[in-house]
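So the structure is just underneath, and the comments pick up after that.
The values are calculated or read from the model by the stated rules, or taken from the named source; none is laboratory data. Owing to the predicted nature of the structure, the values given are computational and were not obtained by experimental measurement. We place every Cβ from the backbone using ideal geometry, glycine too, and count neighbours over all the protein chains shown.
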Amino acid sequence: MAAMTREETEALIQEVLEVYPEKAKKDRAKHLAVNDHSLEKANKCITSNRKSLPGVMTIRGCAYAGSKGVVWGPIKDMIHISHGPVGCGQYSRAGRRNYYVGTTGVNTFGTMNFTSDFTEKDIVFGGDKKLAKCIDEIETLFPLNKGISIQSECPIGLIGDDIEAVSKVKNKEYGKTIVPVRCEGFRGVSQSLGHHIANDAIRDWVLEKRDGDDSFPTTPYDVAVIGDYNIGGDAWASRTLLEEMGLRVVAQWSGDGTIAEIEKTPKVKLNLIHCYRSMNYIARHMEEKYSIPWIEYNFFGPTKIAESLRRIAEHFDDTIKEGAERVIARYKAEYDAVIAKYRPRLEGKKVMLYIGGLRPRHVIGAYEDLGMEVVGTGYEFAHNDDYDRTIKEMGNATLLYDDVTGYEFEEFVKKVQPDLVGSGIKEKYIFQKMGVPFRQMHSWDYSGPYHGYDGFAIFARDMDMTINNPCWKSFKAPWKTEAASEPVKAVA
Amino acid sequence: MPSVMLRKREDGKLLFYVAKKDLEETIESLEFDSPEKWGGEVVLGDGSKYYFEPMEPAPKIPTTLQAKRLSEE
């Protein structure tokens, strides 16, 4: 099927909206749009960051997920207490695959779940004493932790516990950074507000710890990688490229990151933002307070990597500019071989994406490098500025959907018939049962890394083994397939 | 009175960013824009108008300032 025209896409949206009651239809219509390159600003065509409609199946998370799961969780040498009932922490434990080095339970704590395990008694009488006891126990059992963050779950805000007071008392007692984060799940419309709250907590409780302390030796080539959560090793694949071109990566935020790195970040010369949505707040703050410029970059697929490396190099002198060219040249044979191998197998395949706040636009370049076409994309929790950036990346007249509902997404896939859907775990089995190849693009479907040149090879292999998997041909029972089916093509 | 973060874009244009409103727009015109006096009425890329208390001397950008929203006549 050829690419859809603008009219066809608009008709598709109308058709899908048909089942909703009048009021819901009006609301949802604002969140679905046809991409239009002539628009400069996204707010003319799509509404985002609004409350989800009651009754529809949204795919969003909560503020606690945004703070504990995304921003704070990967900081490996801190202990993050899921303060409240046990479930929030337990069901999100270690699912994100943000890799780190260290000995879990001794000096790193990434995959462990710490919770204050609220019961009825704590809701009635308040949980501050319990929190204080938790911190004492942590200090006894895990003395090598470098700090503690208290990630509030919904009840904390509802019963009005004073976690800030507990933090201050315990901070005096132990002399360690203890950060209260007010990321109760009910705040905001999605995990996006959790990111913002987490960024503000870093700003208020951690970032200024080493102001006025110049003992850290700096170089003119110091950078910080911000918003790379090291999913399946992503940050490592990015870091090697930056180091090869001559930069010194002082801090990783927050995949495989430590609190010491975060405290040192105000000393860097340039902040590199990968996930704009979750960490632009802190970058803006550092620009204002410490005059550190920041730029967005994209390490998915060779085209975008080369673009990004050159853009990063522009902020430095000629040695780094040469370094960038050297890195691009060095990996050229490698990625050309990947494209030569997989492009013939993937050429012309259509992809629909529905992911969080960055990848719906960032991975487009990587798919295009493989000759694939992204025909629909959408964000769970993006804001207007994300859609501003998306319009330019996406093809004209392609489908955009914000906070798509389960029903809409299924209908779109049925009508558009993409060759691959990339979304989260909740969508995975639905689409696989519908017979559509699917990649889980939040944690790379237990694969990765996908960043950098090394990651691109894995990305291409994964897309190929998903789309060209022989199982998709076995979907119909053999006696139901037509007798004169096309002869099986030999695989290249 | 939204608090506005101002920063320079790579091409030299001023960006006007209000986190709470997801508003990121370029500043198209500024009433007073000299090193001595800065502020006054601003017009954004989308046509909306805001007002900064004029300041002497001009603030160092990037910075966060309070702006008043002007109703459009």
- Note on the structure: Just one listed residue, out of B:Ile61, B:Ile27, is β-branched (Val, Ile, Thr) and in contact (Cβ under 8 Å) with a residue 24 or more places away in the chain, and it is B:Ile61
- Task: Among what's in the stretch A:390-435 and is polar (S, T, N, Q) and more than 27 Å from A:Cys275 (Cα to Cα), pick the residue that is nearest to the chain's Cα centre (by Cα).
- Result: A:Gln432
- Return yes when A:Trp205 is surrounded by fewer than 24 Cβ atoms within 10 Å (Cβ to Cβ), away from every other protein chain (no Cβ under 14 Å) and closer than 30 Å to A:Arg50 by Cα and no when it is not. yes
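Table: residues versus (1) farther than 30 Å from A:Tyr401 by Cα; (2) within 14 Å of chain B (Cβ to nearest Cβ); (3) buried (at least 16 other Cβ atoms within 10 Å of the Cβ); (4) not polar (S, T, N, Q).
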position: A:Gly257; (1), (2), (3), (4): yes, no, yes, yes
position: A:Ile273; (1), (2), (3), (4): no, yes, yes, yes
position: A:Tyr276; (1), (2), (3), (4): no, yes, yes, yes
position: A:Phe299; (1), (2), (3), (4): no, no, yes, yes
position: A:Tyr342; (1), (2), (3), (4): no, no, yes, yes
- Query: Quick one: what pairs do we get from the stretch A:252-264, first residue under 16 Å from A:Thr104 (Cα atoms), second among the basic types (Lys, Arg) and surrounded by 21 or more Cβ atoms within 10 Å (Cβ to Cβ), C-beta under 8 Å, 6+ apart or different chains?
  - Reply: A:Asp256/A:Lys76; A:Gly257/A:Lys76; A:Thr258/A:Lys76
- Could you list, in sequence order, all residues of the stretch B:13-29 that are surrounded by fewer than 16 Cβ atoms within 10 Å (Cβ to Cβ) and of a type outside the set (Asp, Glu)? B:Lys13, B:Lys20, B:Lys21, B:Thr26, B:Ser29
- Note on the structure: Scanning the stretch A:119-135 residue by residue, those surrounded by fewer than 20 Cβ atoms within 10 Å (Cβ to Cβ) and either within 23 Å of A:Asn171 (Cβ to Cβ) or not assigned by TED's automatic domain parsing to the domain that holds A:Val166 (or both) turn out to be A:Gly126, A:Asp128, A:Lys129, A:Lys130, A:Ala132, A:Lys133
- Scan of the stretch A:283-318 for residues that are over 25 Å from A:Ile364 (Cβ atoms) and hydrophobic (A, V, I, L, M, F, W, C), ordered by number: A:Met286, A:Ile292, A:Phe316
- Task: For residues that are acidic (Asp, Glu) and over 10 Å from A:Val249 (Cα atoms), tally how many sit in the stretch A:213-227.
- Result: 2
- Task: Scan the stretch A:1-29 for residues that are over 15 Å from A:Val56 (Cα atoms) and either outside any helix (DSSP H, G or I) or touching a strand residue (DSSP E or B) at 6+ places or on another chain (Cβ under 8 Å) (or both) and report the count.
- Result: 10
- Message: Quick check on my filter: what residues within the stretch A:185-202 are buried (at least 24 other Cβ atoms within 10 Å of the Cβ) and touching a Leu at 6+ places or on another chain (Cβ under 8 Å)?
- Response: none
- Please work out which residue is farthest from the chain's Cα centre (by Cα), limiting yourself to the stretch A:52-103 and to residues that are over 26 Å from A:Asp402 (Cβ atoms), free of Cβ contacts under 8 Å to residues at least 24 places away in the same chain and part of a loop (DSSP other than H, G, I, E, B). A:Thr103
- Query: How about the stretch A:148-163: which of its residues are surrounded by fewer than 22 Cβ atoms within 10 Å (Cβ to Cβ) and either farther than 19 Å from A:Leu193 by Cβ or among the aromatic types (Phe, Trp, Tyr) (or both)?
  - Reply: A:Ile159, A:Gly160, A:Asp162
- When every residue in the stretch A:19-44 that is within 14 Å of A:Thr405 (Cα to Cα) and more than 30 Å from the chain's Cα centre (by Cα) is compared, the one surrounded by the most Cβ atoms within 10 Å (Cβ to Cβ) is A:Tyr20
